[in-house]
Amino acid sequence: MNIKTISKEIRQDLYNVELSEEEVDALYRYINLGDYGIELTEGINILEKDTLWLIVAELNNKKDFPNILYINILAHLKKLLYPIE
């Protein structure tokens, strides 16, 4: 099955999110992803739109998150959530 077929079946937009090992480590260190049932790995992650919004909201609440990683992750997620067509 491809991502579009799966997306239609669960009636939720799915996104390919590529994260580095450093980004994944920082997200786990500063956001308790396990509480939300989110599992991330280095490389490609297929995530629902709601999950992207949750990560964006959590990032905005973490004032001690490493600045460069914050900017990179937030920019990548916002590019997915607000595509320029």
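Solvent-accessible area of VAL24, probe 1.4 Å, all protein chains present, reported in Å² to the nearest ten, please.
We get 10 Å² for VAL24.
Please state, rounded to one decimal and in Å, the Kirkwood hydrodynamic radius that segment 44-85 gives when every pair of distinct Cα atoms enters the mean of 1/r.
10.9 Å
When averaged across all projection directions, what area in nm² does the alpha-carbon convex hull of segment 13-85 cover?
Result: a mean projected hull area of 4.7 nm².
Subtracting the Cα-Cα distance from 0.36 nm times the residue separation, let me have the gained length for ASP64 to ILE84 in nm, one decimal.
On the way: separation 20, 0.36 × 20 = 7.20 nm, distance 3.03 nm.
My answer for the length gained is 4.2 nm.
The values are calculated or read from the model by the stated rules, or taken from the named source; none is laboratory data. Everything quoted here is computed from the prediction, not taken from an experiment. Areas reflect the complete protein model, heavy atoms only, side chains present, ligands, DNA and RNA absent. Shrake-Rupley method; radii C 1.70, N 1.55, O 1.52, S 1.80 Å.
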